1. Could you check the range 237-257 and list, in sequence order, the residues that are modelled with pLDDT of 95 or more and more than 9 Å from the ligand (Cβ to nearest atom)?
2. I want to confirm something. Restricting to the range 180-200 and keeping residues that are in a loop (DSSP other than H, G, I, E, B) and in contact with a strand residue (DSSP E or B) (Cβ under 8 Å, 6 or more places away or on another chain), which single residue is farthest from ARG158 (Cα to Cα)?
3. Tell me, yes or no, whether the range 46-68 has at least one residue that is within 16 Å of the ligand (Cβ to nearest atom) and acidic (Asp, Glu).
4. Residues in the range 182-195: is at least one of a type in the set (D, E, K, R) and open to solvent by less than 20 Å² (accessible area, probe 1.4 Å)?
5. Looking at (1) open to solvent by less than 80 Å² (accessible area, probe 1.4 Å); (2) more than 10 Å from the ligand (Cβ to nearest atom); (3) within 13 Å of GLN26 (Cβ to Cβ), find the lone condition where ASP209 falls short.
6. Just a yes or no: is a residue in the range 225-234 open to solvent by less than 70 Å² (accessible area, probe 1.4 Å), outside any loop (DSSP other than H, G, I, E, B), of a type in the set (D, E, K, R) and more than 9 Å from the ligand (Cβ to nearest atom)?
7. Taking the condition of being of a type in the set (D, E, K, R) and in contact (Cβ under 8 Å) with a residue 40 or more places away in the chain, how many residues in the range 136-153 meet it?
8. Among the residues that make up the range 112-135, is at least one of them without any contact (Cβ under 8 Å) to a residue 24 or more places away in the chain and over 30 Å from ASP24 (Cα atoms)?
Amino acid sequence: MTCLSAPSVMADVLSASQVRCFMDCQARWWFKYRLRYQDPVTGKLALGRAVHVALARNFEQKIDTYEDLRTPGVIAIFRDAWAEERERTEFRDDEDATELAACGEILVAKYMDEMAPMIEPAAVEVRVEGKIAGVTVQGWIDLLDVNGRILDLKTAARKPSSIAPEHRFQIATYVQLTPGANGEARIDTLVKTKNPALVSQSFTITEQDVLATRALYPLAQTMMRSERYMPNRLSMMCSRRNCSFWRCCQQEWGGEVPES
Ligand code: SF4
């Protein structure tokens with residue numbers, strides 16, 4: 001990989017995840033979104049994707065049938081999705097593909113048994129795009145229910161104790177871009193601990209949440225276009241383990257990125 005080669009686009013279309021990345025480390029955003037350097041999928045990410053695919057397939061068909069698939073059928077979809085993800089995943093030294101697959105099956109079964117029967121989907125995996133404070137923003141909604149509530153599914157290593165600011169920002173973005181969204185939201189987190197858990201958090205998007213998106217999208221876009229980026233070695237995600245771009249970062253800005 002050549003460090004700091006030709007840039008691609010000029011931050012014309014943003015997303016909540018781009019802004020989150022930029023706020024965490026501008027240099028990382030530069031490598032990932034402007035230079036488009038490869039950011040290999042880890043086992044953790046691959047697991048989240050395969051779980052998403054399996055549950056999305058269930059809810060897609062439920063829009064027409066009003067019934068969930070049987071849990072073993074959804075687990076079979078997970079297995080297929082996992083097999084595809086596995087092909088393109090760079091597992092870290094501490095990630096065991098077989099263990100992750102077993103964990104994924106338990107998480108899918110848990111969601112199907114405990115949560116899916118109460119969900120009435122109106123739309124699944126919807127791409128949305130629109131303007132927020134003059135900036136074109138896009139995103140993917142996991143699920144919109146028949147009451148206009150946005151449901152977002154996450155997988156995590158720890159139980160969340162509150163709604164993280166970046167998640168409020170993400171959902172506030174979706175609420176503004178999704179026709180029929182009523183401002184209510186729920187984040188369902190499947191927790192990949194030894195005893196897998198499901199944490200469901202309901203909340204309402206406030207005026208302050210909307211204000212944050214209207215302030216930060218234009219500001220982020222202006223700064224992205226300035227082409228002056230700071231590495232954030234104080235980021236919680238700044239390590240050789242968590243950032244694929246650490247070599248380029250060291251080459252450009254010196255110093256030593258810690259191992260973990
Ligand atoms: S190594 Fe750290 S400072 Fe450098 S791009 Fe990655 S997260 Fe940012």
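The values are calculated or read from the model by the stated rules, or taken from the named source; none is laboratory data. In this text, all values refer to a predicted model and were calculated from it rather than measured experimentally. FYI the Cβ positions are ideal-geometry reconstructions off the backbone, even for glycines, and counts take in every protein chain you see. Surface areas here come from the heavy atoms of the whole protein model, side chains and all, with no ligands, DNA or RNA. Shrake-Rupley method; radii C 1.70, N 1.55, O 1.52, S 1.80 Å.
1. GLN251, GLY254, GLU256
2. Applying the first criterion (in a loop (DSSP other than H, G, I, E, B)) to the range 180-200 yields 180-183, 192-196.
From the residues that got through so far, the ones that are in contact with a strand residue (DSSP E or B) (Cβ under 8 Å, 6 or more places away or on another chain) too are 180-181, 183, 192, 196.
Values: GLY180: 32, ALA181: 29, GLY183: 26, LYS192: 7, PRO196: 10 Å.
Looking at the filtered set, the residue picked out is GLY180.
3. Within the range 46-68, the first condition is being within 16 Å of the ligand (Cβ to nearest atom), and the residues that meet it are none.
Within the range 46-68, not a single residue is within 16 Å of the ligand (Cβ to nearest atom) and acidic (Asp, Glu).
4. Taking the range 182-195 first, the residues of a type in the set (D, E, K, R) are 184, 186, 188, 192, 194.
Filter once more, so that each one left must be open to solvent by less than 20 Å² (accessible area, probe 1.4 Å): 188.
The answer is yes, given that some residue of the range 182-195 is of a type in the set (D, E, K, R) and open to solvent by less than 20 Å² (accessible area, probe 1.4 Å).
5. With (1) open to solvent by less than 80 Å² (accessible area, probe 1.4 Å); (2) more than 10 Å from the ligand (Cβ to nearest atom); (3) within 13 Å of GLN26 (Cβ to Cβ) applied to ASP209, the lone miss is (3).
6. So in the range 225-234, the residues open to solvent by less than 70 Å² (accessible area, probe 1.4 Å) come out as 226, 229, 231-232.
Still in the list and also outside any loop (DSSP other than H, G, I, E, B): none.
No: zero hits.
7. Taking the range 136-153 as the starting set, the residues that turn out to be of a type in the set (D, E, K, R) are 142, 145, 149, 152.
Add one more test, that the residue is in contact (Cβ under 8 Å) with a residue 40 or more places away in the chain, and what stays is 142.
Within the range 136-153, residues that are of a type in the set (D, E, K, R) and in contact (Cβ under 8 Å) with a residue 40 or more places away in the chain number 1.
8. Here is the first cut: in the range 112-135, the residues without any contact (Cβ under 8 Å) to a residue 24 or more places away in the chain are 118, 127, 131.
With over 30 Å from ASP24 (Cα atoms) added as a condition, the list becomes 118.
Scanning the range 112-135, I find at least one residue that is without any contact (Cβ under 8 Å) to a residue 24 or more places away in the chain and over 30 Å from ASP24 (Cα atoms), so the answer is yes.
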